[in-house]
Amino acid sequence: MPKLPVLSTREVVRVLKKAGFDYAPKKGKGSHTAFVKKDIDRTRLVIVPHRKEIPKGTLLAILDQAGITKEDLLKLL
């Protein structure tokens, strides 16, 4: 299993956009930004906090919400 890199908000946003997510302006509040992706069977909503370094647990939760594996993350970087 590959080691999870330390990423900033900017890097996570870039990965989400490459994965097909769009900015959801009415969902994000204050220090968080929301992204949405509509699949055939469901709509995925991902909330990303504004941080210089996103904690590993938070990054894992973001990946889970987005349906992205660690391997996919490394490919999208």
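Rule-based calculations on the coordinates, nothing more; no lab input. Source: prediction; values computed, not measured. Ideal geometry is used to build each Cβ from the backbone, glycine not excepted, and the neighbour counts take in all protein chains shown.
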Checklist entry - If you scan the range 1-13, which residues turn out to be out of contact with any Leu (no Cβ under 8 Å at 6 or more places or on another chain) and under 19 Å from Arg51 (Cα atoms)? => result Val6, Ser8, Thr9, Arg10, Val13
Checklist entry - Tally time: how many residues in the range 26-52 are assigned to a loop (DSSP other than H, G, I, E, B) and surrounded by 11 or more Cβ atoms within 10 Å (Cβ to Cβ)? => result 4
Checklist outcome for this item: Per the filter on the range 1-51, residues closer than 19 Å to Lys70 by Cβ and among the small types (Gly, Ala, Ser) are Ser8, Ala19, Gly20
